[in-house]
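To start, the structure under review is shown below, and the notes come after it.
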Amino acid sequence: MKKVRFEDLVKIMERLRGNDGCPWDKEQNRKSLKPYLIEETYEVLEAIDEGKPEKIKEELGDLLFQILFHAQISKDMGEFDINDVIKKIHEKMIRRHPHVFNPPSPPFNKGGKWGISAKDALAQWEDIKKREKGYEERKSVLDGVPKELPSLLMAHRLQDKAARVGFDWEHIDQVFAKVEEEMDEFRKAFSDKNAEEMENELGDLLFALVNIARFIEVNPEDALRKTISRFIKRFHYIEEEIAKQGRELKNVSLEEMDKLWDEAKEKENI
């Protein structure tokens, strides 16, 4: 089998956008491709959650092709090409890892361990990032978090950025207390039948829960997506079992569905 090189994939993209290429590919622009870029990213995440190497490999390829697509559009517009993209990230990775590529002294201590911790490396990354050209316009430490991120992930990133400059709880017990406080405020808004306040307090409660996720080093977006996946799988089990009985869900009691739900949970642990 012929070995496929990166350049071969670039040529495929060039041909698809060329004069005799695909009409659909030729019509695309940056904005029209945004949904596909997001979709392919989430398909990679799903493949990772499923832990299937073959699927991860396939989905990473689809995501890579989206990057090539955007680079080709920029090349067609006379801006830059994929080689410029590679050069840019190559320079950035070396520049932001001086402890690896340009250490003032060997990066290992006498014990044979890294002389810089992961936390130190992250702080160094942020410091270099601030000093780089193009970041002067950022007035706040919270700048740079994409507004199109899913809400849970965005909350996590904002909290993390604030925590790096000391705006953070000292202990997780304080975060638990905050969650309880927000829950009490939500209950009050609910009792008052105040729709606007219920929305505000629910948002505060979710934000506090994200803080707990950050403290225990769990990605809240991943956690919720996995819960959603389990919900879908268990509900499908309920539907299938009810269908085997020749019945419809609307004619099944909640008690019966709860029993099937528990059966689905038990099967997951076998």
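Numbers at a glance
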{"item": "Kyte-Doolittle at least 0.0, axis length at least 18 Å by Cα - qualifying DSSP helices, the chain", "result": "195-215"}
{"item": "Potential extension, residue 86-residue 147 segment - 0.36 nm per residue separation minus Cα distance", "result": "19.4 nm"}
{"item": "Normalised contact order of segment 138-218, rounded percent, pairs of Cα under 8 Å and 6 or more residues apart", "result": "32"}
{"item": "Residue 93/residue 123 FRET efficiency (R0 22 Å; Cβ-Cβ; nearest 0.05)", "result": "0.80"}
{"item": "Compactness index (Cα Rg / 2.2 N^0.38 Å), segment 221-268", "result": "1.22"}
{"item": "Pairs beyond 29 Å (Cα-Cα), from 3/55; 52/250; 52/233; 52/87", "result": "52/250; 52/87"}
{"item": "Answer label for Kirkwood radius over Cα pairs in Å (calculated), chosen among (i) 24.0; (ii) 19.9; (iii) 19.2", "result": "(i)"}
{"item": "Inter-centroid distance (Cα atoms) of segment 205-270 relative to segment 60-85, Å", "result": "40"}
{"item": "Added length on full extension, which subtracts the Cα-Cα distance from 0.36 nm per residue, residue 49 to residue 202", "result": "52.3 nm"}
{"item": "Normalised contact order of the chain, rounded percent, pairs of Cα under 8 Å and 6 or more residues apart", "result": "9"}
{"item": "Helix-only [θ]222 nm of the chain, DSSP H runs n ≥ 4, -39500 (n - 2.57) each, per residue, nearest 500", "result": "-23000 deg cm²/dmol"}
{"item": "Of 11/147; 226/267; 92/139; 244/267, pairs whose Cα-Cα distance is over 24 Å", "result": "11/147"}
{"item": "Under 17 Å from residue 178, Cα to Cα: lysines that are on another chain or at least 8 residues apart", "result": "188"}
{"item": "Extended-chain gain in nm, criterion 0.36 nm per residue less alpha-carbon gap, residue 20 and residue 194", "result": "56.6 nm"}
{"item": "Point-charge dipole on Cβ atoms (K/R +1, D/E -1) for the chain, about Cα centre, debye to 20", "result": "1640"}
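Read-outs throughout are calculated quantities, based only on the coordinates presented, and are distinct from any laboratory measurement. Values in this document were obtained by computation on a predicted structure and should not be read as measured data. Note: ideal-geometry Cβ built from the backbone for every residue, glycine included; neighbour counts use all protein chains shown.
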